[in-house]
């Protein structure tokens with residue numbers, strides 16, 4: 001499959017999420033406070049990135065996370081709404097590099113880059129099953 005006819009630089013997606021107890025650093029054990037945990041912020045960034053790519057892929061193809069380079073810049077309390085913005089920066093072979101950012105009502109809370117690999121679903125799962 002020629003990925004660049006389906007996915008190209010400049011494509012964007014934005015979604016919002018509410019910070020719940022299970023999203024806190026305290027709940028997942030990555031910190032002592034009830035604020036948005038870094039693993040969950042990254043998860044939201046990956047989720048939006050995956051959805052952006054998925055809506056443009058043909059049947060039988062999917063993307064998987066390959067690399068994350070993100071800074072968590074500020075705390076966000078429970079019940080706050082966060083906005084996650086993603087933009088495709090580059091497509092090289094089967095790799096898609098995205099700019100990712102997260103914001104709460106007051107400020108930017110996260111920024112960085114995320115790379116996803118586009119793979120054939122059946123082949124990917126067959127490789128996983130052999131382990």
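The values are calculated or read from the model by the stated rules, or taken from the named source; none is laboratory data. Keep in mind the model is a prediction, meaning the values are calculated, not measured. In this analysis, Cβ positions are derived from the backbone assuming ideal geometry, glycine residues included, and neighbour counts consider all displayed protein chains.
Assorted remarks:
- Filtered by the rule that a residue be out of contact with any helix residue (DSSP H, G or I) (no Cβ under 8 Å at 6 or more places or on another chain) and closer than 25 Å to residue 124 by Cβ, region 67-86 gives 67, 69.
- A search for C-beta distances below 8 Å between a residue of region 102-118 that is part of a loop (DSSP other than H, G, I, E, B) and any residue that is buried (at least 22 other Cβ atoms within 10 Å of the Cβ), counting only pairs 6+ apart in sequence or on different chains, returns 104/76.
- Condition broken by residue 56, with the remaining ones in (1) at pLDDT 95 or above; (2) in a loop (DSSP other than H, G, I, E, B); (3) in contact with a helix residue (DSSP H, G or I) (Cβ under 9 Å, 6 or more places away or on another chain) satisfied: (3)
- Criterion: part of a helix (DSSP H, G or I) and within 22 Å of residue 95 (Cα to Cα) - qualifying residue of 43, 63: 43
- Restricting attention to region 19-46, the residues being within 16 Å of the chain's Cα centre (by Cα) and surrounded by fewer than 19 Cβ atoms within 10 Å (Cβ to Cβ) number 3.
- Candidate set: region 85-101, residues that are part of a strand (DSSP E or B) and touching a residue at least 60 places away in the same chain (Cβ under 8 Å); chosen: the one farthest from residue 71 (Cα to Cα): 91
- Only a single item in (1) within 14 Å of residue 108 (Cα to Cα); (2) assigned to a helix (DSSP H, G or I); (3) free of Cβ contacts under 8 Å to residues at least 60 places away in the same chain is not met by residue 48, and it is number (1).
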